[in-house]
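The values are calculated or read from the model by the stated rules, or taken from the named source; none is laboratory data. Just so it is clear, the model here is predicted, and its values are computed rather than measured. Here the Cβ positions follow ideal geometry from the backbone for every residue, glycine too, while neighbour counts run over all protein chains shown.
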Amino acid sequence: MRSFKIIVAFCVLSLLLSSCGFKDLDRRFFVIAFGIDSGKTKKYEISLKLAIPSPKIEPGQEKDQVISEEADSIAEAVRRMKSKVDKEFDFGHCKILVIGKGFAEKHKLARENLDWIFRRRDIQQIAYIALGEPDAKSVLNTKVKSERLPGNALILALSREGTESPFIATVYLFDYYRRVRGYGKDPYLPVIRSLKDTFDISRAAVFQTGTIKLELSPEETSILNQVVRQYPHISLSTEYNGHQISVNVVQLKAKYRITGTDENPRIVFHVRMRGETEESSAGVFDKSWTKLEKYLEDQVVEDYTNFLRKLQQAKVDPIGFGMRYRAIRHEGHGEFDKWWNTVYPNVEFKVYANVEIRGTGIIK
């Protein structure tokens, strides 16, 4: 009798439970990319790239749909776009967040303008975030001929699972949020330029307080990757005895330390590279590698020094010198203000490079 009463009680309680909140796969639209631009009449123009399931997976045959809506908030735009489709949006597979360059120049990319993205539980914090040029909608509408799955070309490029380029700066959403909210590291984003049927991701933009302060060239973006990510796949080129020589770097280690006093601060960089000759208009096997290594070391020192001074003159710090300075001091947040206002503008950069050539490839 007691068991019967327990069963009846469970049956009654089950009537109070809500039904499943998930929809079947055939009733959901998977959002694979999210774009934010400035609207013509509203603050936002939101674009969603939706994946359309296809029985065939072939290059250039992917199926997707891009829809857009203007509104004064991201949440309002997303809800209005639901009236344009026949399925529910699913943001669980959204790996690409593109912010139009025009929107970034007009509005601060801080929490108040991107709160919806940071707050949503179904937006992955490991999603990639980037700037779109000329706007995010153009990037989402770009059709890549080699793309086998909707949006997969950008994912492969930014995740380095496909191409391995020293000019692509990969930034995760959680890292961008941490840099925006914290002190000592300024955020930066890769710039995706939309071409006719492909992309160009070779530059980066550095932010401060949510606004663009400096745009880096491809060479400067490569140095940023070397320092921040320890990314080794770069090429060093120099003219040696009237011949152009390129060296492929396979190992790289860059580290720094802050020395001196607050009145005479110094940041000392030590860069170590290992590689082999990749291209040469003349044989180098029988030549003195020591002189060639010295030429390359001088070039690395010059490139690094110019890059660090450019960051200093623009008053930005994407590397994290300020965070390192705070870590070795014990006066709390006041140390950051002191670093930023009086110490960083007077820092002297000293770069030491060590380049070692280990071979000339399979020929002399």
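So that you can scan it fast, the table gives a plain yes or no per residue for (1) surrounded by 15 or more Cβ atoms within 10 Å (Cβ to Cβ); (2) over 19 Å from residue 310 (Cα atoms); (3) touching a Lys or Arg at 6+ places or on another chain (Cβ under 6 Å):
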residue	(1), (2), (3)
205	yes, no, no
209	no, no, no
220	yes, no, no
227	yes, no, no
230	no, yes, no
256	yes, no, no
261	no, yes, no
265	yes, no, no
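The one condition from (1) touching a residue at least 40 places away in the same chain (Cβ under 8 Å); (2) hydrophobic (A, V, I, L, M, F, W, C); (3) surrounded by 14 or more Cβ atoms within 10 Å (Cβ to Cβ) that residue 282 does not meet is (3).
May I ask you to list pairs of residues, at least six apart or on different chains, whose Cβ atoms are under 9 Å apart, with the first in the stretch 258-272 being over 20 Å from residue 353 (Cα atoms) and the second being among the aromatic types (Phe, Trp, Tyr) and outside any strand (DSSP E or B)? Close Cβ pairs satisfying both conditions: 262/339; 265/325; 265/339; 265/344. Exactly one residue among 78, 98 is surrounded by 15 or more Cβ atoms within 10 Å (Cβ to Cβ), free of Cβ contacts under 8 Å to residues at least 40 places away in the same chain and not in a loop (DSSP other than H, G, I, E, B), and that residue is 78. Scanning the stretch 101-124 for residues that are surrounded by 14 or more Cβ atoms within 10 Å (Cβ to Cβ) and in a loop (DSSP other than H, G, I, E, B) yields 107, 108, 109, 110, 120, 123, 124. Quick check: is even one residue across the stretch 311-321 more than 17 Å from residue 340 (Cβ to Cβ) and of a type in the set (Lys, Arg)? Within the stretch 311-321 (the criterion being more than 17 Å from residue 340 (Cβ to Cβ) and of a type in the set (Lys, Arg)), the answer is no, since none of the residues qualifies.
For residue 362, are the conditions met, namely being of a type in the set (Val, Ile, Thr), at pLDDT below 80 and more than 21 Å from residue 178 (Cβ to Cβ)? For residue 362, the condition - of a type in the set (Val, Ile, Thr), at pLDDT below 80 and more than 21 Å from residue 178 (Cβ to Cβ) - is met.
Yes or no, residue by residue, for (1) within 30 Å of residue 322 (Cα to Cα); (2) free of Cβ contacts under 8 Å to residues at least 24 places away in the same chain:
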{"position": "134", "(1), (2)": "no, no"}
{"position": "154", "(1), (2)": "no, no"}
{"position": "158", "(1), (2)": "yes, no"}
{"position": "162", "(1), (2)": "no, yes"}
{"position": "166", "(1), (2)": "yes, no"}
{"position": "169", "(1), (2)": "yes, no"}
{"position": "181", "(1), (2)": "yes, no"}
{"position": "194", "(1), (2)": "no, no"}
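Residues in the stretch 8-50 that are surrounded by 10 or more Cβ atoms within 10 Å (Cβ to Cβ) and modelled with pLDDT under 90: 8, 9, 22, 23, 25, 27, 28, 29, 30. Only one entry in 212, 168 is touching a strand residue (DSSP E or B) at 6+ places or on another chain (Cβ under 9 Å) and either among the aromatic types (Phe, Trp, Tyr) or not in a loop (DSSP other than H, G, I, E, B) (or both), namely 212.
Once the stretch 86-126 is narrowed to residues that are in contact with a Phe, Trp or Tyr (Cβ under 6 Å, 6 or more places away or on another chain) and β-branched (Val, Ile, Thr), the residue that is farthest from residue 213 (Cα to Cα) is 123. Of the residues in the stretch 188-197, none is touching a helix residue (DSSP H, G or I) at 6+ places or on another chain (Cβ under 7 Å), of a type outside the set (Phe, Trp, Tyr) and surrounded by fewer than 18 Cβ atoms within 10 Å (Cβ to Cβ). Just the residues that are modelled with pLDDT under 90 and in contact with a Cys (Cβ under 8 Å, 6 or more places away or on another chain), please, taken from the stretch 124-150. Matches in the stretch 124-150: 124 only. Restricting to the stretch 144-165, name every residue that is assigned to a loop (DSSP other than H, G, I, E, B) and in contact with a Gly (Cβ under 6 Å, 6 or more places away or on another chain). Within the stretch 144-165, 145 is the sole residue that qualifies. If you go through the stretch 177-195 one residue at a time, do you hit one that is in a strand (DSSP E or B), farther than 22 Å from residue 47 by Cβ and modelled with pLDDT of 90 or more? Within the stretch 177-195 (the criterion being in a strand (DSSP E or B), farther than 22 Å from residue 47 by Cβ and modelled with pLDDT of 90 or more), the answer is yes, since at least one residue qualifies.
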